[in-house]
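Throughout, read-outs are computed from the coordinates displayed, never taken from laboratory work. All figures in this text were calculated on a predicted structure; none of them were measured in a lab. Here the Cβ positions follow ideal geometry from the backbone for every residue, glycine too, while neighbour counts run over all protein chains shown.
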Amino acid sequence: MDQLLLILLNGLVYGLLLFMLSSGLTLIVGMMGVLNFAHASFYMLGAYVAFSISTLMNFWVALIVAPLVVGALGALVEQYGLRAVHKHGHLAELLFTFGLAMIIGEVIQLIWGRWPVAYRVPESLDFPLFSIGGTAYPAYRMFMMGVSLFMFVVLYATLARTRLGLVVRAALTHPDMVAMLGHNVPRVFTMVFAGGCALAGLAGVIAGNAYQTDPGMALALGAIVFAVVVMGGLGSISGALIASLIIGLVQTVSIGLDMKLSTALGRIGLHVDGITALSDVWDISINRAAPVVPFLLLVIILAINPRGLAGSRSS
């Protein structure tokens, strides 16, 4: 029982980390219709900037300043890059953000090197909060959970309950009308893109020291984040939260299961021992197949509902 509770807690933390990272991309996709391939690179950039700031000052300064730096960079990218290619359609935007991701990756390696950096959890949060079955649970992971939930509440309240959220949502569907009402639509889009990048940077600040800050961290989570956004429904913050939690919990549980797929299916009444056509597949250990879990869940959800769990966009 204690082991199960520990696995569920780890899955919850991982799921909320995915939400921290995917919330910014969900905001950009939902409000601008731009699928930003460089989003995970902004997450990586946030971790590296936070490392440098925390070395010079402390983690708490980095927690505030690093997302602002990444958000400012995102504003420049939108204003002087995306805005220019937007008129050429979604393919041009995808190619631009893909190239941007490559550039950010190379710049990070030029500045900080190709090896992991010593970005550490702050001493004020580096202690066990409680113990489960003799295993100490870090206080910092609960801090990560708290920040993620706070992000969800603020984002949802801002988009659904404030005048700013109304203007942002209206600018996507009726930009001409919003402009006639006196709002600067290009500035709104710049603000949205910068905000999404800042959220990715915040995720990097929070997760970079809990896991590892290295040049491969964007690649490790980038594809999973896209799976979260699509599975939750393009533009849906609540859908992204639900999808993140599902993927985080299922993948964490899968990693902890050291049994063959045929054994697992047999325990739920599906016996595949006599099926020889896929004998190699049935012999695969579940924990070895854990990296495939997010994409398998994505395929299942989209087969049931092509719009995702809570999506309303059709393009």
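In table form, for the structure just shown:
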| read-out | value |
| --- | --- |
| Footprinting exposure proxy for Trp112, Trp60 (fewest neighbouring C-beta atoms within 10 Å first) | Trp60, Trp112 |
| Average silhouette area of the stretch 67-187, convex hull of alpha-carbon atoms, in square nanometres | 12.1 |
| Projected-area mean, the stretch 2-217, by convex hull of Cα positions, square nanometres | 13.3 |
| Amide H partners (placed H, <5 Å) of Leu129, local residues excluded | Tyr137, Ala139 |
| Debye intensity ratio I(q)/I(0), log10, the stretch 50-101, q values 0.17 Å⁻¹ (C-alpha model) | -0.61 |
